[in-house]
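Novice: The structure under discussion is supplied below as structure tokens; questions concerning it will follow.
The values are calculated or read from the model by the stated rules, or taken from the named source; none is laboratory data. None of the values given here were measured: they were computed from a predicted structure. Note that each Cβ is placed from the backbone with ideal geometry, even for glycine, and that neighbours are counted across all protein chains shown.
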């Protein structure tokens, strides 16, 4: 207990000291010992005091990384960006610009959540690549962008499937098509094309008879394209069955419309 009180007393003396050079020295020591909480308290005070001085560059670098090591990525990315903007000619500017983008990457949530930070991370990483195309970090930034795009791809696929699950079949067809258009190389392309056919068939089936022929015909065309694109697909058998169901649906719709027309003729 006495030792703990002694350490606390020592830190409080440093924190309250007016000797900023000594405080800076001790802040770096805390940083090197990975005692980032104490380092942050001292650095936070010193950042203002050293503004405009030669030592400010290294101080701000430590400050940004202290927030990063405390996993406060929102604050860290802000300070990394400020460093890069304030000291563009610094040997650390490239690193800080990358770290600002990387903090965005770390804040990108699970695909099921809002992906605003994912999009911002892609933009920040792409900006880094544009600014430093020859940097060794650019290759890593490109990998991170692909990782983020994969997440957006999954998000897009899952959103489309959700429309199918809740029975909004028209929206499902549109969502699957938009997803395939936005991610033409998606690994889900085969499954999405099949699910788009299923959605189109259900959309047609749940339409009024006057609209069914047109919508079932669209499903048949989609099934034909699927068979052509994926002749070995595991979904091919099911796709062919949907095509048969669509043909049957057209015939049934025609019969119902014929009966309705005959009944209307009798009434007239």
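Novice: For a quick check of your reading of the model, give me the residue pairs whose first member lies in region 1-23 and is within 18 Å of residue 55 (Cα to Cα), whose second is at pLDDT below 85 and surrounded by 10 or more Cβ atoms within 10 Å (Cβ to Cβ), with beta-carbon atoms closer than 7 Å and at least 6 apart or on different chains.
Specialist: So the pair list comes out as 20/49; 23/14; 23/17.
Novice: So, in region 81-110, how many residues would count as being farther than 14 Å from residue 131 by Cβ, touching a helix residue (DSSP H, G or I) at 6+ places or on another chain (Cβ under 6 Å) and assigned to a helix (DSSP H, G or I)?
Specialist: 6
Quick grid of which residues meet (1) modelled with pLDDT of 95 or more; (2) more than 23 Å from residue 62 (Cα to Cα):
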| position | (1), (2) |
| --- | --- |
| 89 | no, no |
| 96 | yes, no |
| 100 | yes, no |
| 103 | yes, no |
| 106 | yes, no |
| 109 | no, yes |
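Novice: Among the residues of region 226-242, write down those that are in contact (Cβ under 8 Å) with a residue 12 or more places away in the chain, more than 17 Å from residue 169 (Cα to Cα) and part of a helix (DSSP H, G or I).
Specialist: Selection gives 226, 227, 229, 238, 240.
Novice: Further question on the same structure: Can you name the condition, by its number, that residue 54 falls short on among (1) more than 28 Å from residue 120 (Cβ to Cβ); (2) part of a loop (DSSP other than H, G, I, E, B); (3) touching a helix residue (DSSP H, G or I) at 6+ places or on another chain (Cβ under 9 Å)?
Specialist: With (1) more than 28 Å from residue 120 (Cβ to Cβ); (2) part of a loop (DSSP other than H, G, I, E, B); (3) touching a helix residue (DSSP H, G or I) at 6+ places or on another chain (Cβ under 9 Å) applied to residue 54, the lone miss is (3).
Novice: Only one residue in 145, 129, 122 is buried (at least 17 other Cβ atoms within 10 Å of the Cβ), at pLDDT 95 or above, more than 22 Å from residue 175 (Cα to Cα) and under 9 Å from the mean Cα position of the chain (by Cα), so which one is that?
Specialist: On the way: 145 fails: under 9 Å from the mean Cα position of the chain (by Cα); 129 fails: under 9 Å from the mean Cα position of the chain (by Cα).
Only one candidate passes the filter, namely 122.
Novice: Within region 65-77, can you find the residues that are within 24 Å of the chain's Cα centre (by Cα) and either in contact (Cβ under 8 Å) with a residue 12 or more places away in the chain or at positive phi (or both)?
Specialist: 67, 68, 69, 70, 71, 73, 74, 76, 77
Novice: Assuming residue 162 fulfils every condition listed in (1) touching a helix residue (DSSP H, G or I) at 6+ places or on another chain (Cβ under 8 Å); (2) in a helix (DSSP H, G or I) apart from one, which condition is it?
Specialist: (1)
Novice: Kindly check whether there is at least one residue in region 133-144 that is outside any helix (DSSP H, G or I), in contact with a helix residue (DSSP H, G or I) (Cβ under 9 Å, 6 or more places away or on another chain) and closer than 23 Å to residue 222 by Cα.
Specialist: As a first pass, look at region 133-144 and keep what is outside any helix (DSSP H, G or I): 133-135.
From what's left, in contact with a helix residue (DSSP H, G or I) (Cβ under 9 Å, 6 or more places away or on another chain): 135.
Still in the running and closer than 23 Å to residue 222 by Cα: none.
No; the residues of region 133-144 include none that is outside any helix (DSSP H, G or I), in contact with a helix residue (DSSP H, G or I) (Cβ under 9 Å, 6 or more places away or on another chain) and closer than 23 Å to residue 222 by Cα.
Novice: Report yes if residue 34 is out of contact with any strand residue (DSSP E or B) (no Cβ under 6 Å at 6 or more places or on another chain), at pLDDT 90 or above and not in a helix (DSSP H, G or I), otherwise no.
Specialist: Answer is yes for this residue.
Novice: While we're looking at this one, here's another question. For the structure I just gave you, tell me whether residue 171 is more than 22 Å from residue 230 (Cα to Cα), touching a helix residue (DSSP H, G or I) at 6+ places or on another chain (Cβ under 9 Å), assigned to a helix (DSSP H, G or I) and without any contact (Cβ under 8 Å) to a residue 40 or more places away in the chain.
Specialist: yes
Novice: Go through (1) closer than 27 Å to residue 156 by Cβ; (2) surrounded by fewer than 19 Cβ atoms within 10 Å (Cβ to Cβ); (3) touching a residue at least 40 places away in the same chain (Cβ under 8 Å) for residue 246 and report which single condition fails.
Specialist: (2)
Novice: Sticking with this structure for a sec: Filter region 179-219 for residues that are more than 33 Å from the chain's Cα centre (by Cα) and either surrounded by 22 or more Cβ atoms within 10 Å (Cβ to Cβ) or not in a helix (DSSP H, G or I) (or both) and give the result.
Specialist: The answer is 204, 206, 207, 208, 212, 215, 216.
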